[in-house]
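Enquirer: One structure, pasted below without further comment.
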Amino acid sequence: MIRFAAIADVQYGDLDETIGRAYRESIQKFLICAGEISRMRPLFAMNFGDSWQSGLENALAMKELYEVAAKYGKIEWRHILGNHDFHVPDANKPDVYRFLNLEKPGYYDFQVVDEEDAENRWRFVVLNGNEISTYAAENDEERKAAKEERERRRIPVKNNALPDSYNGSLSPRQLQWLDERLAFAEKEKENAIVCSHFPLFAKSRSIDSDRAKLARIANFDVYYYNLGVSTWNGAELLEIIDRHPNVRGYFAGHLHEGSYGVRNNVAHVTFKGIVENKPYCWAAVELTKSEIIVTGYGAQPSYRLRFL
Ligand SMILES: [Fe+2]
């Protein structure tokens, strides 16, 4: 069996609660999740990003906590870069990758094969959705390029407003890399799951938020990038995913209310964010040759996609 654990948006901070986000409580919630995950013994745990709210001290606290969870829980933790992870002083931005055991440019892939069934083969392709952004930029040149990119991605349904500044774009180089890794996976007869901090798609009824109440009257397609709340060039990203029929899942965090939707036989899962959900939330994900089974714990709902 292939089973891994998923958490999203711990967003720890030694900061007072604002807009329903209890930054300090994230420590206890994370430890509960890490304890349960450790007892289940999945192959690894994937953190979908935004580990801290902001500030170097908070970043270092979470770095240490992941190390403790890995060492004493005997679980390998893998990380995805979120926007808040770059909310550290400019001089420390290059360190963010290292804090999360990553190397620049922060995207990577790996293969998982079922020990009991060699035909149950999966490739995880992990994106860095902050690559071109104003907050992850390390110098004036990168900041200028990010501003220009944001200008190019204005949102037609919002009177051509700029997309939210706490998102970014994937570079053409990263998109090409994704295309190549998915083609390689296809050749190797692997199913693929694309992981990013930033979600792309959901069915409106799955969105558990007051803001989305109206949207629940009908169950329509929500493309987050069309609303300016996710990856600026999400349409280009989805186009690449559409070209590869071996992609079975697109998993993300970022929007704390979470969501789910199946599009083109791909399960789009946005995991609920720990900072904004009580008592806690995490998911176990099982992958078989024909199914993705997401089992939620705490506030996290469960989903099941049969793709064959
Ligand atoms: Fe985020």
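The values are calculated or read from the model by the stated rules, or taken from the named source; none is laboratory data. Not measured: the values here are computed from a predicted model. Don't worry about glycine lacking a Cβ; one is built from the backbone with ideal geometry, like all the others, and counts go over all protein chains shown.
Enquirer: Yes or no: N47 away from the ligand (no atom under 14 Å from the Cβ) and in contact with a strand residue (DSSP E or B) (Cβ under 6 Å, 6 or more places away or on another chain)?
Expert: Values: away from the ligand (no atom under 14 Å from the Cβ): no; in contact with a strand residue (DSSP E or B) (Cβ under 6 Å, 6 or more places away or on another chain): yes.
It is false that N47 is away from the ligand (no atom under 14 Å from the Cβ) and in contact with a strand residue (DSSP E or B) (Cβ under 6 Å, 6 or more places away or on another chain).
Enquirer: Only one residue in A59, A5, A69 is more than 16 Å from the ligand (Cβ to nearest atom), assigned to a helix (DSSP H, G or I) and of a type outside the set (S, T, Y). Which one?
Expert: Working: A59 fails: more than 16 Å from the ligand (Cβ to nearest atom); A5 fails: assigned to a helix (DSSP H, G or I).
One residue alone meets the criteria, A69.
Enquirer: Please work out if F124 is modelled with pLDDT of 95 or more, within 16 Å of the chain's Cα centre (by Cα) and more than 30 Å from D14 (Cα to Cα). Show your work before the answer.
Expert: Working: modelled with pLDDT of 95 or more: yes; within 16 Å of the chain's Cα centre (by Cα): yes; more than 30 Å from D14 (Cα to Cα): yes.
Yes.
Enquirer: Continuing with the same structure: Any chance you could count how many residues in segment 76-108 are within 16 Å of the ligand (Cβ to nearest atom), outside any helix (DSSP H, G or I) and in contact (Cβ under 8 Å) with a residue 60 or more places away in the chain?
Expert: Selection size over segment 76-108: 4.
Enquirer: Among the residues of segment 248-279, which ones are part of a strand (DSSP E or B), small (G, A, S) and more than 12 Å from the ligand (Cβ to nearest atom)?
Expert: Keep residues of segment 248-279 that are part of a strand (DSSP E or B), which gives 248-252, 259-263, 266-270.
Filter once more, keeping what is small (G, A, S): 249, 252, 259, 261, 267.
Within segment 248-279, G249, S259, G261, A267 meet the criteria.
Enquirer: Identify all residues within segment 141-199 that are assigned to a helix (DSSP H, G or I), farther than 24 Å from K104 by Cβ and in contact with a helix residue (DSSP H, G or I) (Cβ under 9 Å, 6 or more places away or on another chain); write none if there are none.
Expert: Hits for segment 141-199 are P156, V157, K158.
Enquirer: Let me confirm something: among A34, A69, which residue is closer than 30 Å to Q111 by Cβ, within 19 Å of the chain's Cα centre (by Cα) and not acidic (D, E)?
Expert: Values: A69 fails: within 19 Å of the chain's Cα centre (by Cα).
After ruling out the rest, the residue left standing is A34.
Enquirer: Can you name the residue in segment 168-208 that is of a type in the set (S, T, N, Q) and within 16 Å of the ligand (Cβ to nearest atom) and, of all such residues, is surrounded by the most Cβ atoms within 10 Å (Cβ to Cβ)? If you could, list the steps in order and put the result at the bottom.
Expert: To start, the set of residues in segment 168-208 that are of a type in the set (S, T, N, Q) comprises 169, 171, 174, 176, 191, 196, 204, 206.
Those still in the list that are within 16 Å of the ligand (Cβ to nearest atom) too: 169, 196.
Values: S169: 26, S196: 29.
It comes out as S196.
Enquirer: Taking segment 16-29 on its own, how many of its residues are within 16 Å of the ligand (Cβ to nearest atom) and surrounded by fewer than 24 Cβ atoms within 10 Å (Cβ to Cβ)? Can you show your working first?
Expert: Taking segment 16-29 as the starting set, the residues that turn out to be within 16 Å of the ligand (Cβ to nearest atom) are 18-21, 23, 26.
Still in the running and surrounded by fewer than 24 Cβ atoms within 10 Å (Cβ to Cβ): 18-21, 23.
Qualifying residue count, segment 16-29: 5.
Enquirer: Say whether the condition of being surrounded by 14 or more Cβ atoms within 10 Å (Cβ to Cβ), modelled with pLDDT of 95 or more, under 30 Å from E286 (Cα atoms) and aromatic (F, W, Y) is met by at least one residue in segment 127-149.
Expert: No.
Enquirer: Continuing with the same structure: Considering only segment 269-289, I want to know if a residue exists there that is under 29 Å from E25 (Cβ atoms), surrounded by fewer than 24 Cβ atoms within 10 Å (Cβ to Cβ) and more than 18 Å from the chain's Cα centre (by Cα).
Expert: Yes: one or more hits.
Enquirer: Tell me, which residue of segment 148-207 that is of a type in the set (D, E) and touching a residue at least 24 places away in the same chain (Cβ under 8 Å) is farthest from A267 (Cα to Cα)? Give the derivation first.
Expert: Start the filter on segment 148-207 by keeping residues that are of a type in the set (D, E), which leaves 148-149, 151, 164, 179-180, 186, 188, 190.
Checking the rest, the ones that are also touching a residue at least 24 places away in the same chain (Cβ under 8 Å) come to 149, 164, 179, 186, 188, 190.
Details: E149: 29, D164: 25, D179: 19, E186: 18, E188: 21, E190: 16 Å.
Here the residue is E149.
For every residue, the table says whether it meets (1) closer than 24 Å to L182 by Cβ; (2) surrounded by fewer than 17 Cβ atoms within 10 Å (Cβ to Cβ); (3) out of contact with any strand residue (DSSP E or B) (no Cβ under 7 Å at 6 or more places or on another chain).
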position: H79; (1), (2), (3): yes, no, no
position: G82; (1), (2), (3): yes, no, yes
position: Y97; (1), (2), (3): yes, no, yes
position: L100; (1), (2), (3): yes, no, no
position: P105; (1), (2), (3): yes, yes, yes
position: F110; (1), (2), (3): yes, yes, no
position: A118; (1), (2), (3): yes, yes, yes
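Enquirer: Would you check which residues across segment 280-297 are in a strand (DSSP E or B) and of a type in the set (V, I, T) and list them?
Expert: Step one: list which residues in segment 280-297 are in a strand (DSSP E or B), which gives 281-287, 291-297.
V285, I292, I293, V294, T295 - these are the residues of segment 280-297 that are in a strand (DSSP E or B) and of a type in the set (V, I, T).
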